[in-house]
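Colleague: The structure is given below, and queries will be raised subsequently.
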Amino acid sequence: MKKLLLWDIDGTLIKSHGAGVRAMEKALTKRFGVTVDLGSIDWAGRTDSWITGEVFRHVGLPDTPQNAHDYLEAYLAQLPLELAHGQPGVVLPGVLDLLETIHHRNDIAQGLLTGNLRRGAELKLTHHQVWHYFEFGAFADDSPRRNDLGPHALRRAREHHAVDFTPENTFIIGDTPHDIACGKVIGARTIAVATGTFSLEQLAAHAPTALFPDFSDTAAFLRVIEAE
């Protein structure tokens, strides 16, 4: 294996139409009796553990390890209900073809680099029937700071495949400037896609290696990966 792809989830692989936000709002009510609209918090590209601290500051709850644990457990319990009964989510254009194509190639490995908790990532991607494409990753459990996640993903890729993937052969794929930044921190290449909340112009301002409106052109995506 020569190349490593590390995928973001929300806005990149899938769109769940606010299931995560609704689950966090309802978890806050069920665990702490607080009802609030969390729409004002900047979620895009953030980690669930970072968002938890922002939620607590927003509603005036103590940001203690126990409160964070209890809140995230309540969120994970609520998330499957929101995925099942809220507005139906979608796998974004071209994603299934890309994941399946790469799955059958021996020269490319793929994992996750996401702000979701690992269990949250599994719940979302299992719901959309794409979890089986990913055997390792880096998650919000590893750090609340997205820029810390790259080394965790590289270590797990090495453990899983017995290959030292170099940063220049690693691609961080996401839909926000935070995804681009966390790739640059480890010297990786970055692929941005405008299927989330940021436009092509907004993403281009952060100078990713490649930029796509969506992933419907499988051949164009693979040309970026295969370029030396």
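The values are calculated or read from the model by the stated rules, or taken from the named source; none is laboratory data. Remember, predicted model here, so these are calculated numbers, not experimental data. Cβ: placed from backbone, ideal geometry, glycine included. Neighbour counts: every protein chain shown. Quick note on the areas: whole protein, heavy atoms, side chains included, nothing else; ligands and nucleic acids left out. Shrake-Rupley method; radii C 1.70, N 1.55, O 1.52, S 1.80 Å.
Colleague: Show that you can apply the helix-only estimate: for the chain, add -39,500 (n - 2.57) for every DSSP H stretch of four or more residues, divide by all residues, and state [θ] at 222 nm to the nearest 500.
Modeller: About -13500 deg cm²/dmol.
Colleague: Using just the alpha carbons, could you tell me how many Å³ per residue the convex hull of segment 62-196 encloses?
Modeller: In segment 62-196, the Cα hull volume divided by residue count equals 126 Å³.
Colleague: With every protein chain left in place, what is the accessible area per residue of the chain in square angstrom, probe 1.4 Å?
Modeller: 44 Å²
Colleague: Further question: Nearest 5 is fine: what % of DSSP beta bridges in the chain come out antiparallel, could you say?
Modeller: 10 percent
Colleague: Right, next: Roughly speaking, what is the centre-to-centre gap between segment 70-85 and segment 107-150 when only Cα atoms are used, to the nearest Å?
Modeller: 17 Å
Colleague: Considering just Cα atoms, how many Å³ per residue does the convex hull of segment 1-104 enclose?
Modeller: 131 Å³
Colleague: What spacing in nm lies between the two simple spin-label points modelled at Ile41 and Thr197, each 7 Å away from Cα in the Cβ direction?
Modeller: It works out to 1.2 nm between the two label points.
Colleague: May I pose another question? Give the Cα extents of the chain along the principal axes, in whole Å, largest first.
Modeller: 54, 34, 32
Colleague: So if I take the centroid of the Cα atoms in segment 159-223 and the same for segment 21-53, what is the distance between those two points in Å?
Modeller: A separation of 27 Å, based on Cα centres.
Colleague: While we're on this one: What lysines sit close enough to Lys26 to cross-link, taking a C-alpha to C-alpha distance under 25 Å and skipping anything fewer than 8 places away on the same chain?
Modeller: Lys15, Lys124
Colleague: Highest GNM mean-square fluctuation, the chain, Cα pairs closer than 10 Å: which of Ile108, Ile180, Ile191?
Modeller: Top of the fluctuation ranking is Ile108.
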